[in-house]
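Working notes, structure below.
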Amino acid sequence: MLRQAGEWPMLPAGAQADLLALIRAEWNLETWLLHDGGLSFGLEGMPRLQALSDFLPDGWAWAVAAVPPLPGAREWQRLGWFPVLKARLEGVLSEYGLPPAGLLKLLSSNDLGMVVEAATSSDSVFLKVTAHPREVAVTAHLAQQHPALLPPVLHADAATATLVTSSGGILLDGVGNLEAWTAALRQLANFQTAADAPALATLGCPAFPLLDMAQRVDAFLSDTVTLTDWGLKPEKIATLQAARPVIRASFGALAAHGLPDLPAHGDAHPRNALTGVGESLWFDWSEAASAAHPFMDAGWFLAFALHPARAKLPIRIACPDLESRLSTAYLQTLGCPDASVLLAQSIPLALLHRAVLYDARFRDWHGTVPNWRPQYVPYYLGLAAREVDRLPRLTR
């Protein structure tokens, strides 16, 4: 344990602060973040970091002390993780004849998983350890069956829930080239129509039939107590509950169109897509489904890209008619070019679909940050409340 004048070292840090960079700048210490104590959520917990060398600033000393346990800690949140991580990565690089990695950059770390980027002499590689080993099996399956769909997979080990992939390009949302965006949606549609649904189901990917989801959405929106418990504002609850009849009718219209449920990415937004040489690529298959209405993927993609907060994205500036262009490319590849109105109306339905799934997953969540659970549900419900105007008004 590191002590400064017999006390815990103290350093002011706000929410979303880069703790590693802050400690490096203030104390000249190289550390690895194990757990941020809830700081990234605006909470006041105690972060846990591991020093990567024995260097100490003047007046500091190491002390032997018991480390309070972190209830429910994941492998990557425990002391001693960094050498395990480095050995795991170096083993994969050695297997492929790649030189040892340079500086490791922690991209994300939370109860759901951890991702690091490692620079090599040729390119970057990414190592992910996930709380859901199914993601590893699904990614390995897709890499074998659809190698042009995702970045090159160097290593997939379900036993350690570890994936190592090569870089597949840059994140789509930083690109202003329309062809890159339409290519991503064409890839998505090709995956939906070509993927092996029974194989995905065997790997544990769930199915979310459209009409079942319509019933689940309606029941969820009727549950004022649960909506309030998620922190949704009363005016948004009122907006969504008033829209229940038109939401039910819109799900019915989508079902009547006849497009079948198909395999789904499950979290198909532009920051889970890459563009580089050749076709766009998709990653993060942690929420893949064996069957869902394909517009639940495409609707979420459009909702993300068209949100007013993203008006300054390069593609939004370059392409004022982005929604039309993206919809046309996707629907033509999917084989239903006549469904543009239904796709536009599916944007709020896709957001509600996501809210219901996350409620089922996180309503009774117990993680490593006390009195906190992932806030996806109010996020998607809030987005849906502002998008329900896309739905047609019912006539009497």
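Kindly indicate whether any position in region 59-70 is under 14 Å from Trp32 (Cβ atoms) and open to solvent by 30 Å² or more (accessible area, probe 1.4 Å). No.
Once region 12-57 is narrowed to residues that are closer than 17 Å to Leu107 by Cβ and among the acidic types (Asp, Glu), the residue that is surrounded by the fewest Cβ atoms within 10 Å (Cβ to Cβ) is Asp18.
Across region 103-120, the qualifying residues are those that are under 19 Å from the mean Cα position of the chain (by Cα) and surrounded by fewer than 16 Cβ atoms within 10 Å (Cβ to Cβ), and the one among them that is nearest to Leu89 (Cα to Cα) is Glu117. Of the residues making up region 364-389, those that are at pLDDT below 95, crowded, with 18+ Cβ neighbours inside 10 Å and over 15 Å from Phe41 (Cα atoms) number 0. Residues that are buried (at least 19 other Cβ atoms within 10 Å of the Cβ) number at least 3 in the following helices (runs of 4 or more DSSP H) confined to region 121-212: 133-145, 178-194.
Would it be correct to say that Leu85 is open to solvent by less than 40 Å² (accessible area, probe 1.4 Å), out of contact with any Ser or Thr (no Cβ under 8 Å at 6 or more places or on another chain) and under 19 Å from Leu20 (Cα atoms)? Criteria met by Leu85. Restrict the check to region 214-234 and report whether at least one residue is within 20 Å of Ala339 (Cα to Cα) and over 22 Å from the mean Cα position of the chain (by Cα). Yes, region 214-234 contains a residue that is within 20 Å of Ala339 (Cα to Cα) and over 22 Å from the mean Cα position of the chain (by Cα). Of everything in region 218-234 that is within 18 Å of Gly252 (Cα to Cα) and in contact (Cβ under 8 Å) with a residue 24 or more places away in the chain, the residue that is most open to solvent (accessible area, probe 1.4 Å) is Asp218. Do we find a residue being open to solvent by 60 Å² or more (accessible area, probe 1.4 Å) and modelled with pLDDT under 85 anywhere in region 72-82? No, every residue in region 72-82 fails to be open to solvent by 60 Å² or more (accessible area, probe 1.4 Å) and modelled with pLDDT under 85.
Taken over region 90-99, residues that are of a type outside the set (Asp, Glu), in contact (Cβ under 8 Å) with a residue 12 or more places away in the chain and open to solvent by 30 Å² or more (accessible area, probe 1.4 Å) amount to 3. For region 271-322, a residue qualifies if it is more than 22 Å from Pro152 (Cβ to Cβ), open to solvent by less than 40 Å² (accessible area, probe 1.4 Å) and of a type in the set (Val, Ile, Thr), and exactly one does: Ile315. Before we move on, is Ala207 at pLDDT 95 or above and under 22 Å from the mean Cα position of the chain (by Cα)? Taking the combined requirement at face value, the residue satisfies it.
Residues in region 312-341 that are in contact with a helix residue (DSSP H, G or I) (Cβ under 8 Å, 6 or more places away or on another chain) and of a type in the set (A, V, I, L, M): Leu313, Ile315, Ala318, Leu322, Leu326, Ala329, Leu331, Leu334, Ala339. For region 1-112, the strands (runs of 3 or more DSSP E) that sit wholly inside it and include 1 or more residues that are in contact with a Gly (Cβ under 7 Å, 6 or more places away or on another chain) and over 27 Å from Gln375 (Cα atoms) are 2-4. Scanning region 368-396 for residues that are assigned to a loop (DSSP other than H, G, I, E, B) and more than 16 Å from the chain's Cα centre (by Cα) yields Thr368, Val369, Pro370, Asn371, Trp372, Leu391, Pro392, Arg393, Leu394, Thr395, Arg396.
This table checks each residue for (1) closer than 18 Å to Leu172 by Cβ; (2) among the hydrophobic types (A, V, I, L, M, F, W, C).
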{"site": "Ala288", "(1), (2)": "no, yes"}
{"site": "Pro294", "(1), (2)": "no, no"}
{"site": "Ala298", "(1), (2)": "yes, yes"}
{"site": "Phe301", "(1), (2)": "yes, yes"}
{"site": "His307", "(1), (2)": "yes, no"}
{"site": "Pro320", "(1), (2)": "no, no"}
{"site": "Thr328", "(1), (2)": "yes, no"}
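The values are calculated or read from the model by the stated rules, or taken from the named source; none is laboratory data. The shown structure was predicted, so the numbers you read here are calculated from the model rather than taken from an experiment. Cβ atoms come from the backbone with ideal geometry, glycine included; neighbour counts cover every protein chain shown. Just the protein is used for accessible areas: all its heavy atoms, side chains included, with ligands, DNA and RNA removed. Shrake-Rupley method; radii C 1.70, N 1.55, O 1.52, S 1.80 Å.
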